[in-house]
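Heads up, the thing below is written out as structure tokens.
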Amino acid sequence: MELSVQPGRYVVAVSGGVDSMALLALLRHWPDVELIVAHFDHGIRADAEEDRKLVAATAASYQLPFYYREGKLGPETSEAHAREARYNFLEHVRAQTGARAIITAHHQDDLIETVILNVLRGTGRKGLAGLTDRPTVLRPLLAVSKQELLEYAQNHQLEWREDSTNADDRYTRNYIRHHLVPRLSPDAKATLLEIADHTRKNNTALDAVLSDLLLPMADGHLDRHVFIQLPHAASRELLASWLRTHDITQFDTPLLERVTVAVKTQAPGAIIDLIGGARLRVAKYTLALEHSER
């Protein structure tokens with residue numbers, strides 16, 4: 001099983017499930033890679049302490065440092081909230097240890113599920129690419145199937161634990177995993193993966209163009225004249241890219257469409273609400289991002 005990980009120090013997210021336990025076993029043999037094991041207990045399952053004990057014992061057997069946090073989120077926690085809490089913890093460990101990135105065990109089956117999930121939610125171009133690497137989050141198993149990881153774990157006699165919440169179809173991803181993905185033929189899965197790959201490459205090229213457009217606007221303002229002159233779809237993508245540079249990421253396509261139309265039609269002095277208290281102030285030639293007082 002081939003991985004591509006550059007030399008350096010990394011935080012490995014290990015839940016105790018078969019995917020992350022296989023990832024950890026694979027990485028510990030990787031040359032010039034220093035590993036830090038991080039485990040987050042969401043506080044959703046009563047038996048989660050057993051997961052932590054297993055991961056801690058495995059890290060100790062590999063002579064690797066182990067970091068742990070209990071989130072106490074509760075059983076009604078949403079998937080989005082749980083994910084945000086987990087990544088906040090992982091990023092804290094990365095910053096604390098000076099690691100270059102976080103490594104997760106997301107694999108090919110996760111990629112397919114994510115593409116389907118994003119399509120059902122009404123995704124834009126970013127969501128259609130599925131899971132991708134980011135500067136501080138690496139996913140070296142995206143070309144590896146769940147079955148390959150399971151076989152690796154069995155062949156190497158690894159120990160892991162099954163998360164009981166993975167059987168709960170109230171979680172949308174679980175429903176997709178149990179009821180939609182099994183209905184896909186191998187050709188259909190290959191097509192989804194091909195679409196995600198093409199979209200990822202196109203996104204890279206488009207992001208470079210958008211970055212060039214945003215470069216002269218590094219003072220925090222957006223040139224409204226440039227925005228208005230662009231084709232509508234391009235304006236919408238420029239707005240999305242600009243918001244991301246200001247750490248505003250939890251927007252959807254309807255919001256982008258509403259704001260794009262408003263920016264092109266509102267009179268100077270207008271205020272356009274975004275999300276999370278953020279808003280746009282419209283001037284004759286510029287747009288300024290503000291945060292309303294609470």
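The values are calculated or read from the model by the stated rules, or taken from the named source; none is laboratory data. Just so it is clear, the structure is predicted and the values come from calculations on it, not from any experiment. No Cβ is skipped: glycine too gets one built from the backbone with ideal geometry, and neighbour counts run over all protein chains shown.
I need a count of the residues in region 37-58 that are touching a residue at least 40 places away in the same chain (Cβ under 8 Å), assigned to a helix (DSSP H, G or I) and more than 25 Å from the chain's Cα centre (by Cα). Quick ask: steps written out before the conclusion?
Start the filter on region 37-58 by keeping residues that are touching a residue at least 40 places away in the same chain (Cβ under 8 Å), which leaves 38, 40, 42, 44-45, 47, 50-51, 54-55, 58.
Restricting the remaining residues to those that are assigned to a helix (DSSP H, G or I) gives 50-51, 54-55, 58.
Add one more test, that the residue is more than 25 Å from the chain's Cα centre (by Cα), and what stays is 50, 54, 58.
Residues that pass the stated criteria total 3.
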Any hit, region 68-79, residues being touching a strand residue (DSSP E or B) at 6+ places or on another chain (Cβ under 7 Å), more than 26 Å from Tyr171 (Cβ to Cβ) and part of a loop (DSSP other than H, G, I, E, B): no
Total residues in region 229-255, condition surrounded by 13 or more Cβ atoms within 10 Å (Cβ to Cβ) and either small (Gly, Ala, Ser) or part of a helix (DSSP H, G or I) (or both): 14
Selection from region 105-138 of residues that are outside any loop (DSSP other than H, G, I, E, B), closer than 25 Å to Val18 by Cα and either in contact with a Cys (Cβ under 9 Å, 6 or more places away or on another chain) or free of Cβ contacts under 8 Å to residues at least 12 places away in the same chain (or both): Arg134
Search result, residues across region 1-21 that are over 17 Å from Glu49 (Cα atoms), at pLDDT 95 or above and crowded, with 16+ Cβ neighbours inside 10 Å: Tyr10, Val11, Val12, Asp19
Matching entry among Leu206, Leu141, Leu131 (being modelled with pLDDT under 95, under 15 Å from the mean Cα position of the chain (by Cα), hydrophobic (A, V, I, L, M, F, W, C) and surrounded by 12 or more Cβ atoms within 10 Å (Cβ to Cβ)): Leu131
Number of the condition not met by Thr123 [criteria: (1) closer than 21 Å to Asp207 by Cβ; (2) of a type in the set (S, T, N, Q); (3) surrounded by 22 or more Cβ atoms within 10 Å (Cβ to Cβ)]: (3)
Selection from region 256-294 of residues that are in a helix (DSSP H, G or I) and in contact with a Lys or Arg (Cβ under 6 Å, 6 or more places away or on another chain): Leu256, Thr260
Tabulated pairs, region 184-205, first in a helix (DSSP H, G or I), second polar (S, T, N, Q) and surrounded by 15 or more Cβ atoms within 10 Å (Cβ to Cβ), C-beta under 8 angstrom, 6+ apart or interchain: Leu193/Gln108; Arg200/Thr132
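Taking region 209-228 as the search range and keeping residues that are within 11 Å of Leu287 (Cβ to Cβ) and surrounded by fewer than 15 Cβ atoms within 10 Å (Cβ to Cβ), which one is modelled with the lowest pLDDT?
Going residue by residue through region 209-228, those that are within 11 Å of Leu287 (Cβ to Cβ) are 217, 220-228.
Pick out the ones that are also surrounded by fewer than 15 Cβ atoms within 10 Å (Cβ to Cβ) and you get 220, 225, 228.
On the way: Gly220: 71, His225: 89, Ile228: 92.
Only one residue tops the list, namely Gly220.
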